[in-house]
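First the structure, in the form of C-alpha cells, and then the observations on it.
The values are calculated or read from the model by the stated rules, or taken from the named source; none is laboratory data. For clarity, every value in this text was computed on a predicted model and none was experimentally measured. All Cβ positions, glycine included, derive from the backbone under ideal geometry; neighbour counts span all protein chains shown. In case anyone asks, the SASA skips ligands and DNA or RNA and just uses the protein heavy atoms, side chains included. Shrake-Rupley method; radii C 1.70, N 1.55, O 1.52, S 1.80 Å.
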Amino acid sequence: MTITRRQALTTGAGAALAPLLTLGARSGARAAAGGKPPIKLAVSTYSYWHFTPTKYPIETVIEKAAAIGFDGVEILHRQMKNETQGYVNDLKRAAFRHGLSFPMLSIHQDFVDPDPAKRQHAIDHTTHCIELAARLGISCIRLNSGRWGTIPSFDELMKVKGEEPPLEGYSHDQAFRWCIQSINECLPTAEKHGVILALENHWGLTTDPDNLLRIYKAVDSPWLRINMDTGNYAMDPYEGIDKLAPYAVIVQAKTYYGGGKWYTLDLDYDRIAGILRKHNFQGWVSLEMEGEEDADTAVPKSYDVLRKAFA
C-alpha cells in the first residue's frame, strides 16, 4: 500500500518515517536550488503595523507568519509591548512553538548630531538594544546612520528622495566621522554578545549607497555588515542593489500593494534575486510590506512573489 507523507506522519509508522521524509524534503530543496537550500524568508512585524496609534501584537504576527509559510519574523523594536523578561520569553516561546526564527531586531537611532551628548544617547540606546537582541536570541540588529533633520517633515524628505542639506556651519564629512566613531563605540558590546550590526541604506546620510559603503569600509569590522533595503534609493534601485549586495547579510524586501504612503516602486524580484545570487548572497530576505492594502491579503501575496523569486 502506498501512503502519503501526511498519512505517514499521522500513523504509528510515521514516527519512524518522519526523519527520512524530512531529510528527503530538505535534500530535494537543496537540489532544486543548485545544491544550496532556498533563501529563508522572514516578515517584519512592521508589515502589519505602520506606526498607527495602536500597536499590532507581535505574537499575532508570529502566528500569521507561520500559517503563511515564512521561516522567521523580524521584530521592530518600537512595536514591542515592553522589554520585561516575561514578555521576551513569551515571544521566544511563541516563535519556537511555530518553528520560526528571529533573524533581526530593527531599531531606530541617530548618530548625525553635532551634540556629543545626543550621540552618546544614541550609542547607549544601540548597546542596550544589542543586549536586548541577545536576550531574544537574535544575532543581528538594524542600524540607521541618522540624518540632519534640516527637512523636519518626512513627507517633504520623500519629495527630495532623502537628500537633505547639513546643518548650517557643519558638513557631511563631519557627519561621517560622527557615525564611524559612534559605531566603533558599539562594536565591543556587539562582539561580546555575538550580535552583528547591519547598517541600512535608510533615508538620510546613507540614502546614497556610496555613502553607506564609505562608513562600512571605514569601520572595517566583522561585526558590522549591511542591511540592504530594496526600496530606499534615490537612484536606479538595481544599480544600488548591485553595489550593496556583496556586503549584505540581510535584505529588507519592500512591496507596495494598494500603493505606498509616500511612493510606490514596481520592483522586479526575479531580477533582484539574480543580482543576489551573482554575489553569492546566503542571508535572510525579510518582507516589509509598505502598501495601503490590508496586510492580511498583501502579506501572503508578497510571500508568494518572494518565495517564487528566491526558492
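Residues in the range 294-311 that are small (Gly, Ala, Ser) and open to solvent by 50 Å² or more (accessible area, probe 1.4 Å): 311 alone.
When 123, 141 are screened for being touching a residue at least 60 places away in the same chain (Cβ under 8 Å) and either part of a loop (DSSP other than H, G, I, E, B) or within 18 Å of residue 197 (Cα to Cα) (or both), only 123 passes. Checking the range 141-151 against the condition returns a match, with at least one residue being open to solvent by 50 Å² or more (accessible area, probe 1.4 Å), more than 28 Å from residue 70 (Cα to Cα) and not hydroxyl-bearing (Ser, Thr, Tyr).
Looking at (1) open to solvent by 20 Å² or more (accessible area, probe 1.4 Å); (2) in contact (Cβ under 8 Å) with a residue 40 or more places away in the chain, which one does residue 223 not meet, given that it meets all the others? Among (1) open to solvent by 20 Å² or more (accessible area, probe 1.4 Å); (2) in contact (Cβ under 8 Å) with a residue 40 or more places away in the chain, the lone unmet condition for residue 223 is (2). Once the range 157-174 is narrowed to residues that are open to solvent by 40 Å² or more (accessible area, probe 1.4 Å) and among the aliphatic types (A, V, I, L, M), the residue that is farthest from residue 234 (Cα to Cα) is 167. Looking only at the range 177-196, residues that are under 20 Å from residue 250 (Cβ atoms) and either surrounded by 23 or more Cβ atoms within 10 Å (Cβ to Cβ) or β-branched (Val, Ile, Thr) (or both) come to 7 in all.
Selection of the range 33-60 for residues being more than 18 Å from residue 107 (Cα to Cα) and not basic (Lys, Arg) yields 33, 34, 35, 37, 38, 39, 41, 53, 54, 59, 60.
Take the conditions within 21 Å of residue 103 (Cβ to Cβ), under 19 Å from the mean Cα position of the chain (by Cα) and not in a loop (DSSP other than H, G, I, E, B) and apply them to residue 206. Does it pass? Don't jump to the end; show me each part of the working.
Working: within 21 Å of residue 103 (Cβ to Cβ): yes; under 19 Å from the mean Cα position of the chain (by Cα): yes; not in a loop (DSSP other than H, G, I, E, B): no.
No; evaluated as a whole, the condition is false for this residue.
Name the residue that is farthest from residue 102 (Cα to Cα), counting only residues in the range 232-259 that are open to solvent by 20 Å² or more (accessible area, probe 1.4 Å) and of a type in the set (Gly, Ala, Ser). Of everything passing the filter in the range 232-259, 234 is farthest from residue 102 (Cα to Cα). The residue that is farthest from residue 103 (Cα to Cα), counting only those in the range 269-283 that are touching a residue at least 24 places away in the same chain (Cβ under 8 Å), open to solvent by 30 Å² or more (accessible area, probe 1.4 Å) and assigned to a loop (DSSP other than H, G, I, E, B), is 279.
Given the criterion of a type outside the set (Ser, Thr, Tyr) and either farther than 26 Å from residue 76 by Cβ or modelled with pLDDT of 90 or more (or both), identify the matching residue among 162, 146.
Numbers: 162 fails: either farther than 26 Å from residue 76 by Cβ or modelled with pLDDT of 90 or more (or both).
146 is the lone residue from the list that is of a type outside the set (Ser, Thr, Tyr) and either farther than 26 Å from residue 76 by Cβ or modelled with pLDDT of 90 or more (or both).
Conditions (1) in contact with an Asp or Glu (Cβ under 9 Å, 6 or more places away or on another chain); (2) at pLDDT 95 or above; (3) part of a loop (DSSP other than H, G, I, E, B); (4) charged (D, E, K, R), marked per residue:
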{"position": "22", "(1), (2), (3), (4)": "no, no, no, no"}
{"position": "25", "(1), (2), (3), (4)": "no, no, no, no"}
{"position": "29", "(1), (2), (3), (4)": "no, no, no, no"}
{"position": "34", "(1), (2), (3), (4)": "no, no, yes, no"}
{"position": "37", "(1), (2), (3), (4)": "no, no, yes, no"}
{"position": "43", "(1), (2), (3), (4)": "yes, yes, no, no"}
{"position": "47", "(1), (2), (3), (4)": "yes, yes, no, no"}
{"position": "50", "(1), (2), (3), (4)": "yes, no, yes, no"}
{"position": "55", "(1), (2), (3), (4)": "no, yes, yes, yes"}
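Hey, can you tell me all the residues within the range 233-268 that are among the polar types (S, T, N, Q) and in a loop (DSSP other than H, G, I, E, B)? Passing the criteria: only 264.
Look at residue 67 and say whether it is without any contact (Cβ under 8 Å) to a residue 60 or more places away in the chain, over 30 Å from residue 172 (Cα atoms) and out of contact with any Leu (no Cβ under 9 Å at 6 or more places or on another chain). Steps first, please.
Numbers: without any contact (Cβ under 8 Å) to a residue 60 or more places away in the chain: yes; over 30 Å from residue 172 (Cα atoms): yes; out of contact with any Leu (no Cβ under 9 Å at 6 or more places or on another chain): yes.
In short, yes.
Looking at residue 128, is it under 30 Å from residue 96 (Cβ atoms) and either surrounded by 14 or more Cβ atoms within 10 Å (Cβ to Cβ) or within 21 Å of the chain's Cα centre (by Cα) (or both)? Full working, then the answer.
Working: under 30 Å from residue 96 (Cβ atoms): yes; either surrounded by 14 or more Cβ atoms within 10 Å (Cβ to Cβ) or within 21 Å of the chain's Cα centre (by Cα) (or both): yes.
Yes; evaluated as a whole, the condition is true for this residue.
Scanning the range 71-89 for residues that are without any contact (Cβ under 8 Å) to a residue 24 or more places away in the chain and assigned to a helix (DSSP H, G or I), we see that the one that is most open to solvent (accessible area, probe 1.4 Å) is 89. For the range 284-297, the candidate set comprises residues that are touching a strand residue (DSSP E or B) at 6+ places or on another chain (Cβ under 7 Å) and in contact (Cβ under 8 Å) with a residue 60 or more places away in the chain; within that set, the residue that is farthest from residue 262 (Cα to Cα) is 284.
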